[in-house]
1. Can you compute the equivalent ellipsoid semi-axes for segment 1-87, i.e. the square root of 5 times each eigenvalue of the Cα gyration tensor, sorted largest first and rounded to whole Å?
2. Taking the convex hull of the Cα atoms, report for segment 60-110 its projected area averaged over all directions, in nm².
3. Return a whole-number percent for the relative contact order of the chain, with Cα pairs under 8 Å and 6 or more residues apart as the contact set.
4. Starting from the Cα of Ser30, step 7 Å toward the Cβ, then list every residue of segment 65-109 with an amide N under 14 Å from that point.
5. With both partners inside segment 1-116, how many of the DSSP beta bridges are antiparallel, as a percent to the nearest 5?
Amino acid sequence: QVQLVESGGGLVQAGASLRLSCAASGRTFSTYAMGWFRQAPGQEREFVAGIRWIGGPTYYADSVKGRFTVSGDAAKNTVYLQMNSLKPEDTAVYYCAATRRWSRDHTSYEYWGQGTQVTVAS
């Protein structure tokens, strides 16, 4: 079973940066692609960014392209979401997730982290 543990969320001012981390159980990256999703109150869970494998293709929602970067460190079994130039509309609970087959659809993901709150004050 894949286990994902997120960290790095918090309260920041607009324009600030945060780096979210998702620590995965061993051998996860040899089998699964990773995605980052977010969900704001009253909203559907939406795709933010994804990575097919460490060093491989990355994907971004239009709303975060140019501001967010997804990456990974296989030696640390960790994926990251670097978030720069944060905006109040980025406020949400952020989740990392693992899928055997790459997708932007949250329903395709088999394993999920617990979520971490990101709040961006105006």
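1. Working: eigenvalues 98, 37, 36 Å².
Output for segment 1-87: semi-axes of 22, 14, 13 Å.
2. Details: hull surface 17.7 nm².
For segment 60-110, the mean projected area of the Cα convex hull comes to 4.4 nm².
3. Details: 305 pairs, mean separation 43.4, N = 122.
Contact order relative to length: 36 percent.
4. The answer is 74-75, 77.
5. Details: 34 of 34 bridges.
Looking only at bridges with both residues in segment 1-116, the antiparallel portion is about 100 percent.
The numbers here are math on the coordinates, done by the rules we state, and not lab data. No experiment lies behind these values; they were computed from the predicted model shown. Backbone-built Cβ (ideal geometry, glycine too); neighbour counts: all protein chains shown.
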